[in-house]
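**Student:** My structure is below; once you've seen it, I'll send some questions.
All of the numbers you see were taken from the coordinates with simple rules; none came from a lab. All of these numbers come straight from a predicted model, not from anything done at the bench. Quick reminder, even Gly has a Cβ in these numbers, built from the backbone with ideal geometry, and neighbours come from all protein chains shown.
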Amino acid sequence: MSDDVRDAGYDGFLDALADGDGFYLECSEGHGSLPPRHVCPHCGSDNLTETPLPETGTVDSCSTVHVATPAFVDDAPYVVAVVDFGPVRLTGQVRADPDSVAIGDEVAAGVGETATTSERLVTFEPR
């Protein structure tokens, strides 16, 4: 991806997460979703507000990747996880020894770079 090409919704989300100001979008019915969104995927409401992302979440599922795609070959082995933050779930790379990550672990979300391409991605740090 070229440095001058940005997805305003997603890159804005990553910028906020990197600054410690992570957020999700919440509709008037209380459904949570992640940017970029213009309507709630649950009810169709277009009344979305930025709501602070909880500081920590819980690993809901995880998998250790030993044989990675070319975009992540220098990162392997690594753990990819789905983390429950209450109203929303985030998927990202856990920055910990793969043997130490388990379902139920508490983690905090942040932003890191891949070792292979230096692209930004959602990362999780154990708490």
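**Student:** If you find the alpha carbon centre of region 12-59 and of region 99-113, how far apart are they in angstrom?
**Tutor:** 20
**Student:** Would you mind calculating the gained length between T49 and A71 on full extension (0.36 nm times residue separation, minus the Cα-Cα distance), in nm to one decimal?
**Tutor:** Between T49 and A71, full extension yields an extra 4.6 nm.
**Student:** If r is the Cβ-Cβ distance from S28 to L121 and R0 is 35 Å, what FRET efficiency results, to the nearest 0.05?
**Tutor:** About 0.65, to the nearest 0.05.
**Student:** Cα atoms only: what Rg and Dmax, in Å, come out for the chain?
**Tutor:** Just the Cα atoms of the chain yield Rg and Dmax of 15.2, 43 Å.
**Student:** Just to confirm a number: summing +1 for Lys and Arg and -1 for Asp and Glu over residues other than T49 whose beta-carbon lies under 13 angstrom from that of T49, what do you get?
**Tutor:** That works out to -3.
**Student:** Take the Cα radius of gyration of region 53-127 and divide it by 2.2 N^0.38 Å, with N its residue count; two decimals is plenty. Don't skip to the answer; put the middle values down first.
**Tutor:** Working: Rg = 11.7 Å, N = 75, 2.2 N^0.38 = 11.3 Å.
This ratio for region 53-127 stands at 1.03.
**Student:** I've got another one for you. Could you work out the helix-only [θ] at 222 nm for the chain, with each DSSP H run of four or more residues adding -39,500 (n - 2.57) and the total divided by the number of residues, to the nearest 500 deg cm²/dmol?
**Tutor:** Calculated from helices alone, the mean residue ellipticity at 222 nm is -2500 deg cm²/dmol.
**Student:** Moving on to the next point. Could you compute the net charge surrounding G112? Neighbours are other residues with a C-beta less than 12 Å from the C-beta of G112; K and R count +1, D and E count -1.
**Tutor:** That works out to -2.
**Student:** When the chain is modelled as a GNM with alpha-carbon springs shorter than 10 Å, which of T56, T69, T117 fluctuates the most?
**Tutor:** Judging by the Gaussian network model, the answer is T69.
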